[in-house]
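Below is one structure, written out as structure tokens; the observations come after it.
The values are calculated or read from the model by the stated rules, or taken from the named source; none is laboratory data. Computed from a predicted model, the values in this text were never measured in an experiment. Every residue, glycine as well, gets a Cβ built from its backbone with ideal geometry; the counts of neighbours run over all protein chains shown.
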Amino acid sequence: MQLILIRHAETQQDSNISSHNWRLTANGYDACVQLARELRKDNLTHIVTSDEFKATETGRILAEQLGIPVRQADNLHEHARKGFPYVAPDVFLDTLRRFFEMPDVLVFGQETATQAAIRFEKGVQQVLETHPQDKLALVSHGTVMSLFVAKHNPIDVFKYWQGLPMPHVVRLSVPGFKLIEPPSSNDA
């Protein structure tokens, strides 16, 4: 059995809107349609998303293309960072590097990396318990997905996060959550 995690599609960043509410770009929409074609081989039965718009929109597009149900679930949202101001990309990159390097320190937002990882894993487990016989894809976010993958696999979490495009599929074994498709040499 496997679990498919999907990082949401490309978003239109807007410093006047909370990242929680960012919308997909036209390229992001098109990438979802393409990704759905690739996911057909997986015979998915359900898509479950976080409650953030970029994830729900990615999941909705995929579900429509695949003709399967989609729903939201608790605890799959991105690292809790509401109220964190929009900053230059290099500042954000440095902040995320510190976030991953000091997982038990509150670097920014409302959660440490450890707290976000625990919360996300709880969400994944709840979804798996709710859908024990289904072939699932969970649409979520790069930071929490990277933390989850790193907990169960020997990877450099910051490099892994940096290498995740939007959208992106991560396939994990269940149980154990081992990467089915090993990371590239840039990820480890």
ask   = Does at least one position in the stretch 135-145 carry a residue that is assigned to a helix (DSSP H, G or I) and either surrounded by fewer than 18 Cβ atoms within 10 Å (Cβ to Cβ) or not β-branched (V, I, T) (or both)?
value = yes
query = Within the stretch 80-101, is there a residue that is more than 16 Å from the chain's Cα centre (by Cα), more than 28 Å from K41 (Cα to Cα) and among the polar types (S, T, N, Q)?
reply = yes
task = Output the residues belonging to the stretch 67-83 that are within 18 Å of H131 (Cα to Cα) and either of a type outside the set (D, E) or surrounded by 14 or more Cβ atoms within 10 Å (Cβ to Cβ) (or both).
result = G67, I68, P69, V70, R71, Q72, A73, N75, L76
ask   = Between a first residue in the stretch 149-165 that is crowded, with 17+ Cβ neighbours inside 10 Å and a second residue that is in a loop (DSSP other than H, G, I, E, B) and modelled with pLDDT of 95 or more, which pairs have beta carbons less than 7 Å apart while being 6 or more apart in sequence or on different chains?
value = V149/I155; N153/K178
request  = Output yes when any residue across the stretch 83-97 is among the charged types (D, E, K, R) and closer than 27 Å to Y29 by Cβ, and no when none is.
outcome  = no
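When the stretch 21-34 is examined, which residues are found to be surrounded by fewer than 20 Cβ atoms within 10 Å (Cβ to Cβ) and touching a helix residue (DSSP H, G or I) at 6+ places or on another chain (Cβ under 7 Å)?
Once the filter is applied, which keeps residues that are surrounded by fewer than 20 Cβ atoms within 10 Å (Cβ to Cβ) and touching a helix residue (DSSP H, G or I) at 6+ places or on another chain (Cβ under 7 Å), the stretch 21-34 yields N21, W22, R23, Y29, V33.
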